[in-house]
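The next block holds one structure in the form of structure tokens; read it before the comments.
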Amino acid sequence: MAPQALWARPFTYDMGMGTKMAEGATMRLEVERMAYGADAIAHDAGGKTVFVTGGIAGDVVEAVVSSEGPSFSRARVTQVVEPSPLRTRPSCPYADACGGCPWASLERTAQLEAKRANVVDSLVRIGHMDPVAAERLVAPCEDPGDAWGYRNKVELAFARQRGRAVIGMHGRDEGIIRVDSCPLLDKRHARLVKSVSGALSYLSGSQELGLERVGIRASRRTRDVEIALWTKTAPFPRSQVAKVLSDATKASSIVRVMTKGPQKARRVVGVERLSGKGYWEERIAGGVMALSAPSFFQVNTAGAERLVQLVLDGLGVDEDDEAMDLYCGAGTFTLPLAGRAGFVSAVEAYGPAVRDLRRNLERAGLDNVDAVGGDAGREFPDTDADVIVVDPPRAGLAEDVVAQLCQQPARAIAYVSCDPATLARDLARFEAEGTFRPAAVTPVDLFPQTFHVETVVKLARTRP
């Protein structure tokens, strides 16, 4: 089978009963393609879809059934009988156990092709786009930088097992995997994982820190390193933690992020500076952004820079334009927009990001931005925008936001998406409104070794 044929197969779910397999049963499968997820896709002898953990497109495997449903099954590879020509040896020794790089065994070019195929598939299945039109519309997936060592941030999980602190990466299955380094983190800082884990294990041995997780941000451009401890609101040995972590990591900033609420709805109630600057800086698109620990920033700086370029080039922003930036965060797109446009209306709901945005605007000397804190639908700018950027969270755009965008006189909208499924749904909503239509769709691989893909869509105006 030619490698390119692996991505040409249509992605369909068999809704019939197929072959009923008992959990724990073993079957031989030919893996067909990668799913949008950690698993691959195969079909059993009866034609039923099987999501295969540990499989690579083109593999022939023995797999044990882990769950059985009416429309699909799940199975885990126990033996690779015939390895795919696309299978490669991961650069990370923990790849088979850690959940951070589920596609690490898939050859790099094949990753890019699979990500593009998943975007096309979502447009067809969820957005109901004509398959030929979708194939024509979606550009090849761009590769903006390094396949390993590209991340500026990793997060460590924390748990107590048998009274002892365990710090490491989330495993593919339940549990925490202890690691000495993370090859996804910039290689200059890869050993930070071991240093931070060792320091916190030492500190947790004698007292309760209330740790929930730990964030490590490291920039190869500014050389800033920040350690963020996410904890419950409780007494905390600030000075001791600051000293031990400072000695172990030489971090430019160590902070504590305090949270409250149930596990699935935690909210930030405060950030304490324990040592250093109290924020992290990164250089991007000709400027420098300062970010507090709770604020979102793309984990791939080179990739984020490519997103900015695609957005600005697609919109063709000039100095007379009035721009709008919804879900603007700390200013990844707002700052470069403000450097080109006459005025920018920027809206962000997350409080820490709004504060960072205002600080970044002040530091950059930009006074042509109205930075508004609040929900994009309720705080939709009362303006007539020439160009618009939307960069929503994984849930995509709310229906009322799509409707309000379609009432704008803008000549183009740049939609930056982190989820092909919600992107496809939203593009169908724009199509139904009839005002804007996708003119270009560009997947960008900000997350090598994973199934995730960022997509920039230029929506062009179709009627006055």
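Could you tell me which residue of the stretch 244-265 is farthest from residue 203 (Cα to Cα), considering only residues that are of a type in the set (Lys, Arg) and loosely packed, with under 15 Cβ neighbours inside 10 Å?
Out of the qualifying residues, it is 264.
Would you mind finding the one in 173, 146 that is outside the structural domain of residue 39 (by TED's automatic domain parsing), within 24 Å of the chain's Cα centre (by Cα), acidic (Asp, Glu) and within 28 Å of residue 303 (Cβ to Cβ)? Let's see the steps before the verdict.
Details: 173 fails: within 28 Å of residue 303 (Cβ to Cβ).
After ruling out the rest, the residue left standing is 146.
Confirm whether residue 209 is in a loop (DSSP other than H, G, I, E, B), over 30 Å from residue 77 (Cβ atoms), among the hydrophobic types (A, V, I, L, M, F, W, C) and in contact with a helix residue (DSSP H, G or I) (Cβ under 8 Å, 6 or more places away or on another chain).
Yes; evaluated as a whole, the condition is true for this residue.
Given the criterion within 19 Å of residue 375 (Cα to Cα) and not aromatic (Phe, Trp, Tyr), identify the matching residue among 404, 449.
Checking each option against the conditions leaves just 404.
Please count how many residues of the stretch 158-180 are crowded, with 18+ Cβ neighbours inside 10 Å and within 28 Å of residue 304 (Cα to Cα).
Adding up the residues that qualify gives 4.
Select from the stretch 132-159 the residues that are in contact (Cβ under 8 Å) with a residue 24 or more places away in the chain, more than 23 Å from residue 218 (Cβ to Cβ) and not in a loop (DSSP other than H, G, I, E, B) and list them in ascending order.
Those that are in contact (Cβ under 8 Å) with a residue 24 or more places away in the chain, more than 23 Å from residue 218 (Cβ to Cβ) and not in a loop (DSSP other than H, G, I, E, B): 137, 138, 142.
Determine if the stretch 310-318 includes at least one residue that is in contact with a Phe, Trp or Tyr (Cβ under 8 Å, 6 or more places away or on another chain), closer than 30 Å to residue 368 by Cβ and not polar (S, T, N, Q).
Yes, the stretch 310-318 contains at least one residue that is in contact with a Phe, Trp or Tyr (Cβ under 8 Å, 6 or more places away or on another chain), closer than 30 Å to residue 368 by Cβ and not polar (S, T, N, Q).
Taking strands (runs of 3 or more DSSP E) that do not extend beyond the stretch 371-464, which have at least 2 residues that are within 17 Å of residue 323 (Cβ to Cβ) and modelled with pLDDT of 95 or more? Show your work before the answer.
Values: elements: 387-390, 412-417, 436-444, 454-461.
Because the criterion is at least 2 residues that are within 17 Å of residue 323 (Cβ to Cβ) and modelled with pLDDT of 95 or more, the strands (runs of 3 or more DSSP E) in the stretch 371-464 that meet it are 387-390, 412-417, 454-461.
Please state which of the following conditions residue 9 fails to meet, knowing it meets all the rest: (1) charged (D, E, K, R); (2) at pLDDT 90 or above; (3) under 21 Å from residue 126 (Cβ atoms).
Going through the list (1) charged (D, E, K, R); (2) at pLDDT 90 or above; (3) under 21 Å from residue 126 (Cβ atoms), residue 9 breaks only (2).
For the stretch 33-57, what are the residues that are surrounded by fewer than 24 Cβ atoms within 10 Å (Cβ to Cβ) and assigned to a loop (DSSP other than H, G, I, E, B)?
35, 36, 37, 38, 39, 44, 45, 46, 47, 48, 54
For the stretch 430-463, name all the residues that are at positive phi and surrounded by fewer than 22 Cβ atoms within 10 Å (Cβ to Cβ).
Matches in the stretch 430-463: 434 only.
Please list, ordered by first then second residue, the pairs with beta carbon atoms under 6 Å, 6 or more apart or interchain, first in the stretch 241-261 and on the phi > 0 side of the Ramachandran plot, second not in a helix (DSSP H, G or I).
Close Cβ pairs (under 6 Å, with a partner that is not in a helix (DSSP H, G or I)) amount to 261/267.
Does the stretch 101-111 contain any residue that is buried (at least 18 other Cβ atoms within 10 Å of the Cβ) and assigned to a helix (DSSP H, G or I)?
Yes - at least one qualifying residue is present in the stretch 101-111.
Of the residues 377, 365, only one is out of contact with any Ser or Thr (no Cβ under 7 Å at 6 or more places or on another chain), on the phi > 0 side of the Ramachandran plot and surrounded by fewer than 18 Cβ atoms within 10 Å (Cβ to Cβ); which?
365
Which of the residues belonging to the stretch 309-354 are outside any loop (DSSP other than H, G, I, E, B) and acidic (Asp, Glu)?
At the first step, the residues of the stretch 309-354 found to be outside any loop (DSSP other than H, G, I, E, B) are 309-315, 322-326, 334-340, 343-348, 351-354.
Result: 313, 322, 325, 348.
Just the residues that are under 18 Å from residue 238 (Cβ atoms), of a type in the set (A, V, I, L, M) and not in a strand (DSSP E or B), please, taken from the stretch 257-303.
Listed by number, the list holds a single entry, 293.
Determine whether residue 234 is surrounded by fewer than 20 Cβ atoms within 10 Å (Cβ to Cβ), assigned to a loop (DSSP other than H, G, I, E, B) and among the small types (Gly, Ala, Ser).
In short, yes.
The values are calculated or read from the model by the stated rules, or taken from the named source; none is laboratory data. Just so we're clear, the structure is a prediction, and the values are computed from it rather than from any experiment. Because the Cβ atoms are built from the backbone with ideal geometry, glycine has one as well, and the counts that use them run over all protein chains shown.
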